[in-house]
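The values are calculated or read from the model by the stated rules, or taken from the named source; none is laboratory data. No experiment lies behind these values; they were computed from the predicted model shown. Here Cβ is always computed from backbone atoms with ideal geometry, including for glycine, and neighbour counts include all displayed protein chains.
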Amino acid sequence: MKTDHARDVHHVPLLHQLFGSFLRMGITAFGGPAMIAYMRKMSVGEKQWLDGETFQDGVALCQTIPGATAMQMAAYIGLKTRGVRGAISCYVGFGLPAFLLMLALSFAYSQTHELPAVISVFSGLQAVIVAVVANATLSFGKSSVKSWKSVVIALVAAGLFWLMVNPVLIILLAALLGMLMNSGQPDAQRAAHPASMRHTTLPLLVFLSISVAGLAVLFYFRKELFELAVLMSKIDLIAFGGGFVSVPLMFHEVVEVRSWMDGPTFLNGIVLGQFTPGPIVITATFVGYLVYGLPGALIATVAIFLPSFLMLIGVAPWFDRVRSSPWFTRAIGGILCSFVGLLLTVTIRFALNVPWDWPHLALATAAFAALILKRDILWVVLAGTAISAFAF
């Protein structure tokens, strides 16, 4: 024990080391949740900031709460090593490259999207995005739908999403069905171990106070930005399952409910998101910029990440106690099944926005096959860009 304690003290990182390490990782953070493996290699193997068991607890927590999983995991590592200030350092460092690049791409898109060459490229890449979302549906389905009861929950959710029922109501129904339909199944016992993390109540209250004050200022001076902030915050808070869940919810609210932009334009934003490192929910920056310019980009970006970050720092010290509840586990299982239904619905909706012909169909099929074979999504998108430039 003494040796372990000495090792932990020796390897406590400074805040600028956390920020620098995750900034460098954020520059090449393509692949979303796949980056978690690289985080483990760095924080457990190379830097020895955390032990393997603590890291795995963080993965379980970040899969359970809403938000972009890789972003949440970066914050968790900072939280465990240097408290809330460490969480902020890792979170901002990891997400900053994606934000800056998406901001630049959004500006370029707003200036050039009517050019024939740009239209051709994005027309082809929309087919690639359909393949990306279809592959995400398949991946989520394999991990979340494991029985006929899970299939029922997923199909019920898909039907309700297709009918455009309020997503919050669908998620609550899925949680209830998960608890009721799986109540007779035995639950594996998980051994809890005492957490060494300090309570985060005071910093959380400070953040919440600042957030409420900020929303009040927006409501008084810029109600359209207030509405944007509330929308993105709501999407973040109900997006269990990571970025590929946030984007369909964003599509539903931005395109179908509020008509801030059309479907093809939103799909182009997703394409730009594939060119940027970091989570795909950085599409929020694109939406904010096209609707309300630079202030909209800043507000949308903060709002799509802040709520789940606050939930992480609030829940993390108590997660061992919460995760031992079988009812909580069943509810999360139902919610994850509902997102399989959501992704299935959105795959179809995205597909309806593509001008299908033989070249689009061939490109989508090739992209889907490449993703099934676990080819890097960055290379799939780059290849799709090159093909689209010449074929469309």
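Based on this model, can you work out whether Gly263 counts as touching a residue at least 24 places away in the same chain (Cβ under 8 Å) and surrounded by fewer than 23 Cβ atoms within 10 Å (Cβ to Cβ)?
yes
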Any chance Ile235 is touching a residue at least 24 places away in the same chain (Cβ under 8 Å), under 15 Å from Pro66 (Cα atoms) and either part of a helix (DSSP H, G or I) or among the charged types (D, E, K, R) (or both): yes
Single condition Gly278 does not satisfy, out of (1) farther than 18 Å from Leu231 by Cα; (2) without any contact (Cβ under 8 Å) to a residue 12 or more places away in the chain; (3) not β-branched (Val, Ile, Thr): (2)
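This table checks each residue for (1) among the basic types (Lys, Arg); (2) in contact with a Ser or Thr (Cβ under 7 Å, 6 or more places away or on another chain); (3) farther than 30 Å from Glu224 by Cα.
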| site | (1), (2), (3) |
| --- | --- |
| Val254 | no, no, no |
| Arg258 | yes, no, no |
| Ile270 | no, yes, no |
| Ala284 | no, yes, no |
| Trp358 | no, no, yes |
| Leu361 | no, no, yes |
| Ala366 | no, no, yes |
Enumeration of residues in the stretch 338-364 that are buried (at least 18 other Cβ atoms within 10 Å of the Cβ) and either without any contact (Cβ under 8 Å) to a residue 24 or more places away in the chain or aromatic (Phe, Trp, Tyr) (or both): Phe339, Phe350
Subset of the stretch 300-334 (residues that are under 19 Å from Phe266 (Cα atoms) and in contact with a Gly (Cβ under 6 Å, 6 or more places away or on another chain)): Ala300
Candidate set from the stretch 274-295 (those that are surrounded by 24 or more Cβ atoms within 10 Å (Cβ to Cβ) and of a type in the set (Gly, Ala, Ser)); member that is nearest to Leu371 (Cα to Cα): Gly278
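Identify the residue in the stretch 238-258 that is closer than 17 Å to Ala70 by Cβ and among the aliphatic types (A, V, I, L, M) and, among all such residues, is modelled with the highest pLDDT.
It comes out as Val247.
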Residues located in the stretch 205-221, provided they are out of contact with any Leu (no Cβ under 6 Å at 6 or more places or on another chain) and surrounded by 11 or more Cβ atoms within 10 Å (Cβ to Cβ): Leu205, Val206, Leu208, Ile210, Ser211, Gly214, Leu215, Ala216, Val217, Phe219
Pick from the stretch 139-186, criterion among the polar types (S, T, N, Q), surrounded by 14 or more Cβ atoms within 10 Å (Cβ to Cβ) and more than 22 Å from the chain's Cα centre (by Cα), ranking: nearest to Thr345 (Cα to Cα): Ser150
For Ala29: the one exception among (1) surrounded by 13 or more Cβ atoms within 10 Å (Cβ to Cβ); (2) part of a helix (DSSP H, G or I); (3) at pLDDT below 85: (2)
Residue in the stretch 55-75 that is part of a helix (DSSP H, G or I), closer than 18 Å to Val381 by Cβ and of a type in the set (A, V, I, L, M, F, W, C) present: yes
Residues (over 14 Å from Ala134 (Cα atoms) and modelled with pLDDT of 85 or more) located in the stretch 355-372: Trp356, Asp357, Trp358, Pro359, His360, Ala362
Selection from the stretch 343-354 of residues that are at pLDDT 80 or above, of a type in the set (A, V, I, L, M) and within 20 Å of the chain's Cα centre (by Cα): Leu344
Residue pairs meeting the criteria (Cβ under 8 Å; at least 6 apart or on separate chains; first within 13 Å of Val247 (Cα to Cα), in the stretch 129-141; second aromatic (Phe, Trp, Tyr) and modelled with pLDDT under 85): Ile129/Phe350; Val130/Phe350; Val133/Phe244; Val133/Phe350; Ala136/Phe244
Of all residues in the stretch 187-229 being within 23 Å of the chain's Cα centre (by Cα) and among the small types (Gly, Ala, Ser), the one that is modelled with the lowest pLDDT: Ser211
Considering residues of the stretch 34-63 that are surrounded by fewer than 20 Cβ atoms within 10 Å (Cβ to Cβ) and within 13 Å of the chain's Cα centre (by Cα) only, the residue modelled with the highest pLDDT: Gln63
Criterion (of a type outside the set (Lys, Arg), closer than 27 Å to Met164 by Cβ and touching a Ser or Thr at 6+ places or on another chain (Cβ under 6 Å)) met by exactly one of Leu352, Leu336: Leu336
